[in-house]
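All remarks here apply to the structure that follows.
The values are calculated or read from the model by the stated rules, or taken from the named source; none is laboratory data. Quick caveat: nothing in here was measured; it's all calculated off a predicted structure. Note: ideal-geometry Cβ built from the backbone for every residue, glycine included; neighbour counts use all protein chains shown.
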Amino acid sequence: MADTSRYISPLSERYAGKEMQHIFSEDKKFSTWRRLWIALAETEKELGLDITDEQIDEMKAHIEDINYDVAREREKKVRHDVMSHVYAYGQQCPKAAGIIHLGATSCYVGDNTDIIIMHEALSLVKKKLVNVIAKLREFADKYKALPTLGFTHFQPAQPTTVGKRASLWLQEFLMDLSDLEYVQDSLKLLGSKGTTGTQASFLELFEGDQDKVDKLDPMIAKKMGFEACYPVSGQTYSRKVDGRVLNVLAGIAASSHKMSNDIRLLQHLKEVEEPFEKSQIGSSAMAYKRNPMRSERIASLARYVMSDTMNTWITSSVQWFERTLDDSANKRLSIPEAFLAIDGILTLDMNVVDGLVVYDKVIEKHLMAELPFMATENIMMDCVKKGGNRQELHERIRELSMEAGKTVKVEGKDNNLLELIAADETFGMTYEELRAGLEPSKYTGCATHQVERFIKEFVDPVLDRYKDLLGESAEVNV
């Protein structure tokens, strides 16, 4: 039974998936510390220090069975989390106790683990982001030719297509994926640099042998699955790294927010609708309501992620000289919670896009209510071809458009511009001729072609590259 007497983060209880939660779990963190201590001991042995296979095997036997109770009791006494876990590990590995953490400082396990965890978390973000892109690709392709009223300033504008609008969302997510790839690929381990980054303790351990010290970091990096370590550092890796990582998450949040805002506005217009389950309640008071709850949650979590990014940049800017500790408490909150929130956002993105309902009749109705105004230039050109005077036609269309606008806005009636033009001898066109010219697809320009080309040249190559990541399902907790 859940403990209901204390605060529990809604990111864990309501929004983030189990896989992302495990990445930022204590089990993952402290087992990674132990793997790093093993990598250090193995490397030091390979470089000539007096460390035995028996000691290393003993350490390997206790990677996962972490004695948390011993570590917690020790931390109450020494007030140092790393040394508490060194002590606890040593209790389980008495033969290796003397060589655990040899020559290292706390950031050897703390910072390297943070990089390893962020790298793994970015891989999960990538998997979900690729699946959002795949679902949006299908939606954009399906509706690439469905005309819809375009909006600038949320005012009726030249028609576009439903699929073309979705391609705008899709393009932003592709930008986010590109940023993620770049930042993830550029991540390096801290390595083992010592208390101020000079590796002085290791130079002493290896009795002044610089060649061995130079080999230490690359060997550790390889054992931990990384290509390299940062070439220079203080005690910590540069906190600018955290800012770069969270910038990627903020970009995904912004793209999701933009998409969710558009969907919320379109749902108000009754043109599209996010998934709504049979027993879902939209309002406690108004039983008929179908609120865009998922899209609103995307926006809500996205604002949190975007604002959370500021933590990393402030922290980066105030790291004095080689090390201060005013980053620690902040990092424990800002980085995991940004990842947990973006995990929830991407799950919602997949769920909303996968179940997005399009009401083409409503879309057509809204489009046809405005299209006569937008068709006036074509009508005027057709009349000029038949011998009409452009200036006279322009003035008369202006006057009739004002009259039709009054009919719509003041009297609340349908747009009657075509009827007014048909009744005016200046134009010499019947209502049927005018109505035939209002085929919506004539006014969407290259929208359909743009979507097809965009998908073929830019989206599909990405999805083909990541085909092994496809097939992710989206389960929304609440």
Exercise for the section: Can you confirm whether the stretch 253-275 contains a residue that is at pLDDT below 95, assigned to a loop (DSSP other than H, G, I, E, B) and under 27 Å from the mean Cα position of the chain (by Cα)? Expected result: yes
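Confirm whether R323 is over 17 Å from L129 (Cα atoms) and surrounded by 15 or more Cβ atoms within 10 Å (Cβ to Cβ). Steps first, answer last, please.
Values: over 17 Å from L129 (Cα atoms): yes; surrounded by 15 or more Cβ atoms within 10 Å (Cβ to Cβ): yes.
Against the criterion (over 17 Å from L129 (Cα atoms) and surrounded by 15 or more Cβ atoms within 10 Å (Cβ to Cβ)), R323 qualifies.
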Fill in the blank from the handout: Checked against (1) modelled with pLDDT of 95 or more; (2) over 23 Å from the mean Cα position of the chain (by Cα), N247 satisfies every condition except (2)
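Residues are listed down the side, and each one gets a yes or a no for (1) buried (at least 20 other Cβ atoms within 10 Å of the Cβ); (2) modelled with pLDDT of 95 or more; (3) of a type in the set (A, V, I, L, M):
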| residue | (1), (2), (3) |
| --- | --- |
| H85 | yes, yes, no |
| A88 | yes, yes, yes |
| Q91 | no, yes, no |
| V125 | yes, yes, yes |
| N131 | yes, yes, no |
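Table: residues versus (1) surrounded by 11 or more Cβ atoms within 10 Å (Cβ to Cβ); (2) assigned to a loop (DSSP other than H, G, I, E, B); (3) free of Cβ contacts under 8 Å to residues at least 24 places away in the same chain; (4) not assigned by TED's automatic domain parsing to the domain that holds V125.
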{"position": "E432", "(1), (2), (3), (4)": "no, no, yes, yes"}
{"position": "G445", "(1), (2), (3), (4)": "yes, yes, no, yes"}
{"position": "T448", "(1), (2), (3), (4)": "yes, no, no, yes"}
{"position": "E472", "(1), (2), (3), (4)": "yes, yes, no, yes"}
Exercise for the section: Need at least 2 residues that are within 30 Å of A145 (Cα to Cα) and touching a residue at least 60 places away in the same chain (Cβ under 8 Å) per element, so show me which helices (runs of 4 or more DSSP H) inside the stretch 294-389 make the cut, counting only ones lying wholly within it. Expected result: 328-354, 360-374
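So for the stretch 188-204 (the condition being in a loop (DSSP other than H, G, I, E, B) and within 26 Å of the chain's Cα centre (by Cα)), does at least one residue qualify?
Yes - at least one qualifying residue is present in the stretch 188-204.
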Practice task
Could you tell me whether R74 is at positive phi and not aliphatic (A, V, I, L, M)?
Solution key: no
Practice task
Scan the stretch 359-370 and give yes if some residue there is surrounded by fewer than 21 Cβ atoms within 10 Å (Cβ to Cβ), among the aromatic types (F, W, Y) and closer than 30 Å to L170 by Cα, otherwise no.
Solution key: yes
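Give I100, I63 a once-over and let me know the one that is outside the structural domain of S334 (by TED's automatic domain parsing), outside any helix (DSSP H, G or I) and over 34 Å from the mean Cα position of the chain (by Cα). Before the answer, list the steps.
On the way: I63 fails: over 34 Å from the mean Cα position of the chain (by Cα).
Every option except I100 fails the conditions.
The rows are residues; the columns are (1) in contact (Cβ under 8 Å) with a residue 24 or more places away in the chain; (2) charged (D, E, K, R); (3) surrounded by 14 or more Cβ atoms within 10 Å (Cβ to Cβ); (4) over 30 Å from D360 (Cα atoms).
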residue: H153; (1), (2), (3), (4): no, no, no, no
residue: P159; (1), (2), (3), (4): yes, no, yes, no
residue: L190; (1), (2), (3), (4): yes, no, yes, yes
residue: L203; (1), (2), (3), (4): no, no, yes, yes
residue: E207; (1), (2), (3), (4): no, yes, no, yes
Exercise for the section: Would you kindly identify the helices (runs of 4 or more DSSP H) lying entirely within the stretch 1-60 that contain at least 2 residues that are in contact with a Gly (Cβ under 9 Å, 6 or more places away or on another chain) and of a type outside the set (S, T, Y)? Expected result: 26-46
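Name the one entry in S238, S256, S233, S260 that is among the small types (G, A, S) and under 23 Å from I363 (Cβ atoms). Outline the logic, then answer.
Details: S238 fails: under 23 Å from I363 (Cβ atoms); S256 fails: under 23 Å from I363 (Cβ atoms); S233 fails: under 23 Å from I363 (Cβ atoms).
Among S238, S256, S233, S260, only S260 is among the small types (G, A, S) and under 23 Å from I363 (Cβ atoms).
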